[in-house]
Amino acid sequence: MKHILVVEDDKGLREGIELALRRENFVFTLCENIGKAREALLSGMEFHLILLDLNLPDGSGYELLKEVKAGRDIPVIILTANDLEMDEVRGLELGAEDYITKPFSLMVLRARIDKVLKNTGKDTLEIYRFGDLTFCFEKMQIRKGEEEIDLSKTEWKLLQLLVENKNMILTREKLIDRIWTDGEEYVDENALSVAVGRLRRKLKENGEGHLQTVYGKGYVWKG
C-alpha cells in the first residue's frame with residue numbers, strides 16, 4: 001500500500017481524489033492546510049507521495065515544498081489552478097516531480113502518480129522519522145527539525161543498531177560486540193555509557209525520550 005498525503009483546501013476535491021483512488025492500492029491522509037500537513041509529516045507516518053495545492057489558507061504551498069525537499073525524500077506532485085509558466089518553473093526548480101493544473105481528470109492524475117512512484121522507486125532510500133528527528137543511514141544524514149546533526153562513527157553505529165531494532169531491548173554486551181567489531185579500539189566498560197551520553201546530548205534526548213535505558217539490561221529505541 002502506498003500512503004499519499006493530500007494537501008488541498010477544497011474539501012470536495014481532496015475527498016474526491018481519495019474516493020476515486022482508494023481502491024488502487026493507495027491509502028490517504030487528507031489535510032486542508034499547511035499546519036495540518038506539517039503535523040502529519042511530524043507524526044512518524046511514512047508517506048510515499050504528496051499531492052500539494054499551492055494556494056492554501058495559511059500560506060503558500062511553495063513553502064511546504066521547500067521544507068519537504070530540505071529534510072525528506074518524498075516525491076511531490078503540485079495540483080494547482082496557477083497555470084502560468086513561471087509558476088510551473090518555480091515549482092519544478094524547488095524540487096516537485098510534476099505539476100498539474102486544475103481542472104484535471106482523475107485518469108490523468110492516476111497516470112501521473114504511477115509515473116512518479118515508478119521513477120522514484122528505482123533508488124529508494126530508507127528514511128526513519130521519529131517526531132522532529134529524521135534519519136537516513138545510507139546518506140549518513142540526520143536532522144532534528146531543520147538542523148543537521150554531526151555524529152561520530154561510533155555514534156552512527158550505535159544509533160543505527162538501536163533504530164533498526166526499535167522497541168527491542170539491546171543488551172550492553174550485544175551493543176559493544178556489534179559497535180566495536182574491528183578490534184581497532186580498546187573498549188573499557190564505560191565506553192558504551194559515554195557513547196550513549198554523547199548521542200543523547202546531540203539528539204537533545206533525555207531519559208524519557210526515544211533512547212531509553214533499561215536498567216540491568218541495556219538500551220531501547222522507542223518509536
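We did not get these values from a lab; they are worked out from the coordinates using the rules stated. Keep in mind that this is a model prediction, so the values were computed, not measured. Cβ: placed from backbone, ideal geometry, glycine included. Neighbour counts: every protein chain shown.
Numerical summary
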item: Relative contact order %, region 86-156, counting alpha carbon pairs below 8 Å whose residues are six or more apart; result: 13
item: Distance between modelled label sites at residue 108 and residue 38, nm, 7 Å Cα→Cβ extension; result: 3.3
item: Value in Å of the Kirkwood radius, where region 128-221 supplies the Cα pairs that are averaged; result: 13.6
item: Mean separation of Cα contacts under 8 Å (6+ apart) over length of region 1-64, as relative contact order %; result: 44
item: Cα-based convex hull, region 42-113, per residue volume (Å³, whole number); result: 101
item: Cut-off under 5 Å, modelled amide H: who pairs with residue 141 long-range; result: 136
item: Estimated inter-spin distance, residue 85 and residue 69, nm [label 7 Å along Cα→Cβ]; result: 2.0
item: Highest-first arrangement of 69-79, 89-99, where packing means the average Cβ count within 10 Å; result: 69-79, 89-99
item: Residue-span extension gain [residue 9 to residue 213] - 0.36 nm each, minus C-alpha spacing; result: 69.1 nm
item: For region 2-122: Kirkwood Rh in Å [reciprocal of mean 1/r, alpha carbons]; result: 14.2
item: Max mean-square fluctuation residue, GNM over the chain, Cα-Cα springs under 10 Å, options 108, 196, 68; result: 108
item: Spin-label proximity, residue 60 to region 91-116 - amide N less than 20 Å from point 7 Å beyond Cα toward beta carbon; result: 91-102
item: The chain: relative contact order as a whole-number percent, Cα under 8 Å and 6+ apart; result: 14
item: Dmax and Rg, reported as Rg then Dmax, of the chain (C-alpha, Å); result: 20.9, 66
